[in-house]
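Right, one structure below, let's go through it.
The values are calculated or read from the model by the stated rules, or taken from the named source; none is laboratory data. It should be emphasised that the depicted structure is a prediction, and the values quoted were computed from it without experimental measurement. Cβ placement follows ideal geometry from the backbone for every residue including glycine, while neighbour counts extend to all protein chains displayed.
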Amino acid sequence: MKKNYLMMAAFATALAFTACSSEEEIPAAGSENGTMGLTEDVIEIAISNTGVGSTRAARPVGSSAADNNVNKVKLVFFAGNSTTPVTLGSESGQLNLTVVGGESGYSISDGVISYTSADVAEGVPGTTDREEKVAKIKVSGLTAGTTYTIVAYGYNGDSFPYGTETQVVDKYYYQTGTHSLSGSSLEEVFAAKTTAKTTDNLGTAETPVVKFTSSVRIELTRQVAGMLAYFKNVPATIDGDKVTKVTVEANDKSKGFYFPAAVWGEEAGKHAEFNGIDDETSSGNDVLLTFTIGEGTQIDEENNTYKFGESNGVGKKYQLADEVSSNAPADLVCEDYTLFGGRFILPYSQHIATGDATLVVKLQGDGGKVLKTLKVTTSQFKSDLSGTKYLYDILCNNFYSIGKKMATESTDGGTDPEEPDEPADLSSTDEITVLINDAWEVIHDMGLE
């Protein structure tokens, strides 16, 4: 059956985020589902719609396919109503975390799970039940009759990419620190929170035995947003002026974010989708992607459009955005004579009602002269968050696809041949539609006006 992706625009092979966490139960050992092999002092951690890599780098975005490169997950435990993390270790009064016997592909030390296996294959966009890198961790030293709050967050590299993460005072969520990431170097982070109750002492005073009252599962989802821009029929001139640059711009900018977003959203007057931290020093539009057209780019004189990459091989006759030209998927294939770029974006902190649209595409001439501005629209706005067709905001775990690309390595949709590439046409439109994806939570199939 053909999937309805709401005109999803392709975000390159690397983006996806979800603003909430799942707290599904997992069968305990001895249940009918013997394949799980879990006991009730075990927690299971899963990353939703992800892939895992071994080196620090922003994951290149080549389509709206489900993927990621998380290789670390940090676990933080809180006992009862305390907002002070429980000390981890093997001493009395501490929680000791170990990998469940027989499991492989990851290790744990000081509360940080490190994955060692290779990347997984990218998945079909819009698949909300895709989970990868499942880890099973045994928890020893639990206190009887206690409710534990467990926060988990995942990232790529040996350390958290957004500076030193800080727990918000007396809360179960965190905020990013001071960092130098910007533009295409922004990275994805996954996070979630759950609670778990423990039994009374099932052993003796000398040899206590305490377990969780039911099996515990934590599903991490993306805490940032993503976007993709894919254009065809780019005009060579407009009213006699040569088009030298195409930009995609947003009407606001954030400098960080709160996570897990779902916990941030529990605060009075807050919304999980608006988990960004506003950049008060920023003014005007934030340029997300730039396509600088080279002086020697060939032109289709009959149609007055550019022929990007005319001398390149099959599937490679395209031009990448300046920001991602050195970090694009090596296997990226696009339609001929197109522009392509994808990246992560930090969510907004609130509804932004300034400007003509949340996203615009500008065709510029020499000296930055704006020759044409196209408003990027979507039908997938959230009216309960004051969103409109034009002012829909950048929301947590939403993917904004200007043009459609379902798979990185092909133009026919990969595993979904009913959804071939559909680059946005810049030659004859006054509006572009964006598709917002949610496996990514929402993939916006966006339009231009």
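None of ALA196, ALA272 is touching a residue at least 12 places away in the same chain (Cβ under 8 Å), assigned to a strand (DSSP E or B) and buried (at least 19 other Cβ atoms within 10 Å of the Cβ) except ALA196.
Could you pull out the residue among GLU419, GLU431 that is surrounded by fewer than 20 Cβ atoms within 10 Å (Cβ to Cβ), assigned by TED's automatic domain parsing to the domain that holds THR377 and modelled with pLDDT of 70 or more? Let's see the steps before the verdict.
Details: GLU419 fails: surrounded by fewer than 20 Cβ atoms within 10 Å (Cβ to Cβ).
Answer to the selection: GLU431.
What do you reckon, is ILE394 touching a Leu at 6+ places or on another chain (Cβ under 7 Å), touching a residue at least 12 places away in the same chain (Cβ under 8 Å) and not aromatic (Phe, Trp, Tyr)? For ILE394, the condition - touching a Leu at 6+ places or on another chain (Cβ under 7 Å), touching a residue at least 12 places away in the same chain (Cβ under 8 Å) and not aromatic (Phe, Trp, Tyr) - is not met.
Checking the structure you have, find out if any residue of segment 222-236 is aromatic (Phe, Trp, Tyr), under 27 Å from the mean Cα position of the chain (by Cα) and outside the structural domain of TYR306 (by TED's automatic domain parsing). Checking segment 222-236: not a single residue is aromatic (Phe, Trp, Tyr), under 27 Å from the mean Cα position of the chain (by Cα) and outside the structural domain of TYR306 (by TED's automatic domain parsing). So, in segment 373-409, of the ones that are closer than 17 Å to ALA229 by Cα and surrounded by fewer than 18 Cβ atoms within 10 Å (Cβ to Cβ), which residue ends up modelled with the lowest pLDDT? Restricting to residues being closer than 17 Å to ALA229 by Cα and surrounded by fewer than 18 Cβ atoms within 10 Å (Cβ to Cβ), the top hit is GLU409. For GLY256, indicate whether it is assigned to a strand (DSSP E or B), surrounded by 24 or more Cβ atoms within 10 Å (Cβ to Cβ) and not aromatic (Phe, Trp, Tyr). No, not satisfied. Within segment 292-304, one or more residues are part of a strand (DSSP E or B) and either buried (at least 21 other Cβ atoms within 10 Å of the Cβ) or under 27 Å from the mean Cα position of the chain (by Cα) (or both).
Of ALA353, ALA321, ALA357, all but one fail to be surrounded by fewer than 18 Cβ atoms within 10 Å (Cβ to Cβ), among the hydrophobic types (A, V, I, L, M, F, W, C) and within 18 Å of ASN285 (Cα to Cα); the exception is ALA353. Examine segment 88-95 for a residue that is modelled with pLDDT of 90 or more, acidic (Asp, Glu) and either touching a helix residue (DSSP H, G or I) at 6+ places or on another chain (Cβ under 7 Å) or not in a strand (DSSP E or B) (or both), and state whether such a residue exists. Scanning segment 88-95 turns up at least one residue that is modelled with pLDDT of 90 or more, acidic (Asp, Glu) and either touching a helix residue (DSSP H, G or I) at 6+ places or on another chain (Cβ under 7 Å) or not in a strand (DSSP E or B) (or both).
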